[in-house]
Amino acid sequence: MSRGKAADHVTSVERPADFDEFWDAIMSEAASIPLEPTFKEIPLRSTEDVVSYEIHYNSIDGVRIAGYYSVPRESYLEPPYPGLLIVPGYISDVQVPKEWAKLGYAAVGVAPRGKLRSNGQYNPGYPGLLTDNFTDRNTSAYRGFYVDACRAVDFLQTRPEVAQDRIGVHGSSQGGALTITTSALRSDAITCGAGGAPYLCGFMDAASLTHSYPYEEINEYLRVHPDREQQVRDTVAYFDGINFAPGIQSPTLIYAGLGDDVCPPETAFDLVAAMTNCDVEFNTYERCAHDAGNYWEMPNVKTFLAKHLQPAKNGGAK
């Protein structure tokens, strides 16, 4: 692990006194909603080794969420398969996780609200998601967005081919943020998580450290509404990954580029410092930007996930 000046940064994030109560109420509400999952095979996105499905399920606020589900064909690898949630970046579409299925996982590529196929009821756009309903914790975009990712864990728990005691989560950038929030909110189910270039950590610090998007959306908003800065700060504290960090109990891999101008590395150091209740592996890369050293780090990610999730092996299948 390399440590630079970022290691000396002190976050300005403050954890609201009722943070846990706020999220406990939201997750209780979500748990009361029937999931009603559906899935339909997509032949054009399947291979001789992997079958892929388009899936849908219910989430909070009556929003129907879409995603992709890829699993090994039983003729290729025999179940059970560990579950792996692949969470997306700040982009409109999501990954069909075929490559992860080929490695022996039952993998979901989730499309939280606002993504393609999940934007019929809610579509703030990109840019737009970050600052939508920015000053109200009860209607902020990320309230439902975080729950949508957690409900994908619920989907995996409905599948008989999934090993229920081995479910992980992985993503980078906004996917790194969702790795943190899902691991905290579903600490009862998540076995491990791997998150790169974690976004949505130290919102206000990041907006002062960079003028790159998406954080520049905050600066643009405050240039128009300078009187709302404290209100914004108070609201985003309920959605900041640094405040979720103490709730993570499973082993977690975090990686970051020390030259990242999108998600400043200072906020990754702040995040790791707040992860006080789990084992953390933290890798940083000099002269790497928002890719977070992906070329060198992905072998570590695959090794880390395999260690904790034990993907299916070819045992007698063709």
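Odds and ends about this structure:
- Relative contact order for the chain: 20 percent, from Cα pairs under 8 Å spaced at least 6 residues apart, divided by residue count.
- Per residue, the chain reaches -9500 deg cm²/dmol at 222 nm when only DSSP H runs of four or more residues are counted, each adding -39500 (n - 2.57).
- Every pair of different Cα atoms in the stretch 1-153 enters the Kirkwood calculation, which places the hydrodynamic radius at 17.3 Å.
- Entries of Lys40/Lys313; Lys102/Lys302; Lys40/Lys302 with Cα pairs more than 18 Å apart: Lys40/Lys313; Lys40/Lys302
- Convex hull of Cα atoms in the chain, direction-averaged projection (nm²): 15.3
- Under 5 Å from the amide H of Leu85 lie the amide H atoms of Val108, Gly168, Val169, His170, each residue being 5 or more positions distant or on a separate chain, with H modelled from the backbone and absent for Pro and chain starts.
- Alpha-carbon centroid distance for the pair the stretch 34-77 / the stretch 176-255, whole angstrom: 28
- At an R0 of 35 angstrom, the distance between the Cβ atoms of Gln157 and Asp136 translates into a FRET efficiency of 0.65.
- Per-residue 3J(HN,Hα) values for the stretch 124-133, derived from phi via the Karplus relation 6.51 cos²θ - 1.76 cosθ + 1.60 with θ = phi - 60°, read x, x, 10, x, x, 4, 4, 9, 5, 6 Hz in sequence order (x marks Gly and Pro).
- Bridge type composition, the chain - antiparallel percent by DSSP, nearest 5: 40
- Among Ala189, Val71, Thr135 - extreme Cα towards positive end, dipole of the chain, charges at beta-carbon: Val71
- This ranking places Ile91, Ile26, Ile33, Ile254 by how few other beta-carbon atoms lie within 10 Å of each, fewest first, which gives Ile91, Ile33, Ile26, Ile254.
- Nonlocal amide H pairs with Arg117, under 5 Å, H built at 1.01 Å: none
- Computed FRET value (nearest 0.05) for Lys307 with Ser208, which takes r as the C-beta separation and R₀ as 51 Å: 0.85
- Taking amide H atoms as placed 1.01 Å from N in the peptide plane, the amide H of Asn283 lies under 5 Å from those of Ile254, Tyr255, Ala256, each 5 or more residues away in sequence or on another chain.
- Karplus-derived 3J(HN,Hα), 6.51/-1.76/1.60, for each residue of the stretch 159-171, Hz, glycine and proline x: 8, x, 7, 9, 6, 5, 8, 9, 10, x, 9, 8, x
- The order of the peptides 240-249, 117-126 by mean Cβ neighbours within 10 Å, most packed first, is 240-249, 117-126.
- In terms of surrounding Cβ atoms within a 10 Å radius of their Cβ, Glu217, Glu281 rank from fewest to most as Glu281, Glu217.
- Estimated vicinal HN-Hα couplings, Hz - the stretch 208-215 in sequence order (Karplus 6.51, -1.76, 1.60; Gly, Pro = x): 8, 9, 9, 10, 8, 7, x, 4
- For the stretch 118-142, the residues whose amide N sits under 16 Å from a probe point set 7 Å from the Cα of Arg64 along the beta carbon direction are 118-123.
- Per residue, the average separation of C-alpha pairs within less than 8 Å and at least 6 apart gives the stretch 187-311 a relative contact order of 33 percent.
We did not get these values from a lab; they are worked out from the coordinates using the rules stated. What you see is a predicted model; the values in this text were computed from it and never measured. Heads up, the Cβs are rebuilt from the backbone with ideal geometry, glycines too, and the neighbour counts pull from every protein chain shown.
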